[in-house]
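For reference, the structure is listed below as structure tokens.
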């Protein structure tokens, strides 16, 4: 079971998300909170696998709460879920350590997929934001940058991540084991200073690794 905690200041949103997630056989909602402070406190106690975090909440906002939660040893994955389609919020969420960024109007199926992706160590960003950001990155890229000492295989895997491939899909495409892909992905993150797969993807586009 994937254990999920919900943080949102609107009770109807918490109730709606709970209904959607608990309709899935592999997801359990272990608690909810209406503020950042309560989310941090409950997360430390309940130790969920994934936290769904709103941004605008009374007191401590969701970005600050995300920053605290992701600094906890063996921290859960945090997916920011918001109504605000803002590149600034996305960048701030990723800098705070979030593993995904979803708009509330993305629909129930993407909400479930975001939870499962986060639980597996992957990241999901609302498609409308991804398309816009990658377009901006591609148009701003004039020439490849250096590859930070990445091996040819690591460059290949970074490109596959940038195209949206999951670890399982990349392993199948490259005829390597899943553990090999995960090891390469961790090495890539260390070498380029990326916190998550979204930042690896952004780097790959900027570096001209994928187009």
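Side notes on the structure shown:
- Residue check for residue 64: in the same structural domain as residue 17 (by TED's automatic domain parsing) and in contact with a helix residue (DSSP H, G or I) (Cβ under 8 Å, 6 or more places away or on another chain): yes
- Residue within region 119-135 that is assigned by TED's automatic domain parsing to the domain that holds residue 18, part of a helix (DSSP H, G or I), under 25 Å from residue 2 (Cβ atoms) and at pLDDT 75 or above present: yes
- Residues in region 64-82 that are out of contact with any strand residue (DSSP E or B) (no Cβ under 8 Å at 6 or more places or on another chain) and in a helix (DSSP H, G or I) were compared, and the one that is nearest to residue 100 (Cα to Cα) is 67.
- Count - residues of region 167-186 that are surrounded by fewer than 17 Cβ atoms within 10 Å (Cβ to Cβ) and within 20 Å of residue 100 (Cα to Cα): 4
- Scan of region 187-202 for residues that are surrounded by 15 or more Cβ atoms within 10 Å (Cβ to Cβ) and either without any contact (Cβ under 8 Å) to a residue 12 or more places away in the chain or in the same structural domain as residue 96 (by TED's automatic domain parsing) (or both), ordered by number: 189, 194
- Considering residues of region 93-119 that are more than 19 Å from residue 28 (Cβ to Cβ) and out of contact with any strand residue (DSSP E or B) (no Cβ under 9 Å at 6 or more places or on another chain) only, the residue surrounded by the fewest Cβ atoms within 10 Å (Cβ to Cβ): 105
The values are calculated or read from the model by the stated rules, or taken from the named source; none is laboratory data. What you see is a predicted model, and the numbers here were worked out from it, not measured in a lab. Note: ideal-geometry Cβ built from the backbone for every residue, glycine included; neighbour counts use all protein chains shown.
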